[in-house]
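The values are calculated or read from the model by the stated rules, or taken from the named source; none is laboratory data. Please read these numbers as outputs of a predicted model, since none were measured by experiment. FYI the Cβ positions are ideal-geometry reconstructions off the backbone, even for glycines, and counts take in every protein chain you see. For the accessible areas, the whole protein counts, side chains as well, though only heavy atoms, and no ligand, DNA or RNA atoms are used. Shrake-Rupley method; radii C 1.70, N 1.55, O 1.52, S 1.80 Å.
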Amino acid sequence: MNLQKKLAVWQQEKLISSAQGEAIAAFEHRGRKPVLMWSLLALACFCILLGTVSVISANWQEIAPEYKLFLDFALLALTGGYVLKMYREGREIWFEWLLLFFAGLILASIGLIAQIYQIQPEGLRGYLLWAVLAFPVMLFSKRIVLPLVWLPVFMLSLIDALNDMYFFELILGILQKTFPFAISIAGILAFAFIYRLLAVHFRTRLAAQVKAMKFWLVFDISVLVLVMDFGAGDVFGSMFISRLFDNYSWASVIVICGLILGTVGFGYFSYKYNYSRLLTCILAILLGFSLVYNALPENKDVLNIWGFLLSMSVLSCLVAYALIKSRVKLLNLATALMALRFFIVFLQVFGSLLMTGVGLIICGVVFLGIIFAWRKLHLNSLISVKESK
């Protein structure tokens, strides 16, 4: 229902007067953003930019290297100057667009210099250089777009660079030989610590950056749960699981104790600053199920059930959090995923639609019985409380 229809209904119900309705409509009309104008402006800028790139590309070989560098740095300086101008004038939309364009120009400049001087960057070193140079630019952004792009580029390129260092390879080897998924869990735990520190100390100043970290943290945890669940049943097993944890060493014991203490420390840190326990519970579930995986036999049905219990444990935490915080959309999503996971586990274990259907009917009846019993106990408790008064 649009605004005009709502105002008409409210006036019919005598919730507002006609004068109030006209005032509300005028206020909403003034607050509307010229979406069409901004869309056309963005399209015009894109066409001009693409046309300029096409003209330059057509004559690229004819342009001397010094002219290429001069034009590149001139464009960088001009864009940087306008970024600073928009920032001082408080024109947020222009500032964010120009900031994003400036970050792209930095990456293009790195590619141009590499092309002129025939530099072949090793691995992802070029992207790491861009992430370092664009870091101050990213900190000034008030929107989530640039931090959302910058963060995975920085992390992946940094890991690629660290892979050439002996101590990093040694740490990864110890983690891999300790228990499955140890590398992922250690990485997510470290990332969660950094996210929580930034959220505590820079939530207002770096709001967009904290939101971007939260998005990628949720994404990483979701992917890990998916891989642990279905990878345990050998769907992705050959890609993600390596059973190299038969021979424990003192380093493995230190890794396990360190991850446990790290999870406890993260929980204490979250409790100290009055943050939700949801992330702590999920991290503890991932770590606990990873350790339990060591003791499981290599039986497909057992591993399927283990994966099912892992997903249901995480989703149960989400349901509890949604109920406590009254997050209706999150509650609906979590319960829908639980129902989907129930259907999948019956297909995995029983393998036929007939047995799956029978199993789902039994589960549905059990759930209805639990709901009926809970409502009856709840009503009886309310009656007893009223009678005591």
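Scoring GLY173 on the criteria (1) surrounded by fewer than 16 Cβ atoms within 10 Å (Cβ to Cβ); (2) under 28 Å from ALA74 (Cβ atoms) leaves a single failure, condition (2).
Among the residues of segment 167-185, the ones that are farther than 13 Å from ILE254 by Cα, touching a residue at least 40 places away in the same chain (Cβ under 8 Å) and within 24 Å of the chain's Cα centre (by Cα) come to 4 in all. Pick from segment 273-307 the residues that are modelled with pLDDT under 90 and of a type in the set (Phe, Trp, Tyr): which of them is nearest to GLY258 (Cα to Cα)? Ranking the candidates gives TYR293 first.
Quick check on this structure: which one of ILE194, ILE159, ILE188 is under 26 Å from LEU286 (Cα atoms), touching an Asp or Glu at 6+ places or on another chain (Cβ under 7 Å) and either open to solvent by 20 Å² or more (accessible area, probe 1.4 Å) or of a type in the set (Val, Ile, Thr) (or both)? Reasoning before the result, please.
Numbers: ILE194 fails: touching an Asp or Glu at 6+ places or on another chain (Cβ under 7 Å); ILE159 fails: touching an Asp or Glu at 6+ places or on another chain (Cβ under 7 Å).
When all the criteria are applied, what remains is ILE188.
Would it be correct to say that SER109 is at pLDDT below 85 and among the polar types (S, T, N, Q)? So that I can check it myself, show each step before the final result.
On the way: at pLDDT below 85: no; among the polar types (S, T, N, Q): yes.
Here the answer is no, as SER109 does not meet what is asked.
Would you mind finding the one in LEU333, LEU310, LEU347, LEU315 that is at pLDDT 75 or above, open to solvent by 40 Å² or more (accessible area, probe 1.4 Å), in a helix (DSSP H, G or I) and under 22 Å from LEU226 (Cβ atoms)? Quick ask: steps written out before the conclusion?
Numbers: LEU310 fails: open to solvent by 40 Å² or more (accessible area, probe 1.4 Å); LEU347 fails: at pLDDT 75 or above; LEU315 fails: open to solvent by 40 Å² or more (accessible area, probe 1.4 Å).
Going through LEU333, LEU310, LEU347, LEU315 in turn, just one is at pLDDT 75 or above, open to solvent by 40 Å² or more (accessible area, probe 1.4 Å), in a helix (DSSP H, G or I) and under 22 Å from LEU226 (Cβ atoms): LEU333.
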